[in-house]
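Below: the structure, in structure tokens.
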Amino acid sequence: MRRDVFQAIADPTRRGIILLIAFQAMTPNAIAEHFDTSRQAVSKHLRILTECELVKQEQSGREIYYQLNETKMKEIDRWLEQFKKIWESRFNELDNVLLTMKKKKK
């Protein structure tokens with residue numbers, strides 16, 4: 001089943017996991033140490049992030065390491081970029097209105 005990426009990152013625990021593994025690949029046990037939840041709960045979060053392709057698994061001996069999928073994160077960033085441009089444009093317009101109002105007061 002393919003999950004929605006934005007539903008996946010809406011959860012604060014999953015966002016925390018993404019932040020952790022953004023810096024280095026980690027095992028599920030190492031990730032679980034950073035959260036006040038069970039190892040099984042962290043595994044469920046990892047499964048959801050994997051299904052959304054936000055994280056990748058890499059086997060090293062008997063351990064599985066989870067790492068961030070930068071390609072998928074870039075896709076999200078590109079999608080959000082369109083909104084950043086809209087917001088920046090609106091803020092610039094607001095700046096212009098405020099400057100005009102300030103000049104009229106003088």
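Only the coordinates and a few stated rules stand behind these numbers; no lab work does. It should be emphasised that the depicted structure is a prediction, and the values quoted were computed from it without experimental measurement. All Cβ positions, glycine included, derive from the backbone under ideal geometry; neighbour counts span all protein chains shown.
Give me, ordered by chain and number, the residues 5 or more places off V55 or on other chains with an amide H under 5 Å from its own placed amide H.
T50, N69
Leaving out same-chain residues fewer than 8 places away, which aspartates and glutamates sit with a Cα under 20 Å from that of K103?
Filter leaves E93, D95.
Using +1 on the beta carbon of Lys and Arg, -1 on that of Asp and Glu, and nothing else charged, what's the dipole of the chain about the Cα centre, debye to 20?
Dipole of the chain, to the nearest 20 debye: 760 debye.
Given (i) 15.3; (ii) 13.7; (iii) 16.2 as candidate values of Kirkwood radius over Cα pairs in Å, which corresponds to the one derived from the coordinates?
Computing Kirkwood radius over Cα pairs in Å and matching it to (i) 15.3; (ii) 13.7; (iii) 16.2 gives (iii).
Which GluC sites (Glu not before Pro) from segment 1-79 combine a DSSP loop assignment with at most 12 other Cβ atoms within 10 Å?
Those that pass, being in a loop and sparsely packed, are E33.
Along the charge dipole of the chain, Cβ charges K/R +1 and D/E -1, which of I76, L54, S89 sits furthest on the positive end?
Farthest along the dipole direction, towards plus: S89.
Using the Karplus curve 6.51 cos²θ - 1.76 cosθ + 1.60 with θ = phi - 60°, what ³J(HN,Hα) values do you get for each residue of segment 63-74, in whole Hz, with x for Gly and Pro?
Values per residue, Gly and Pro as x: 9, 10, 10, 9, 9, 5, 8, 4, 4, 5, 5, 5 Hz.
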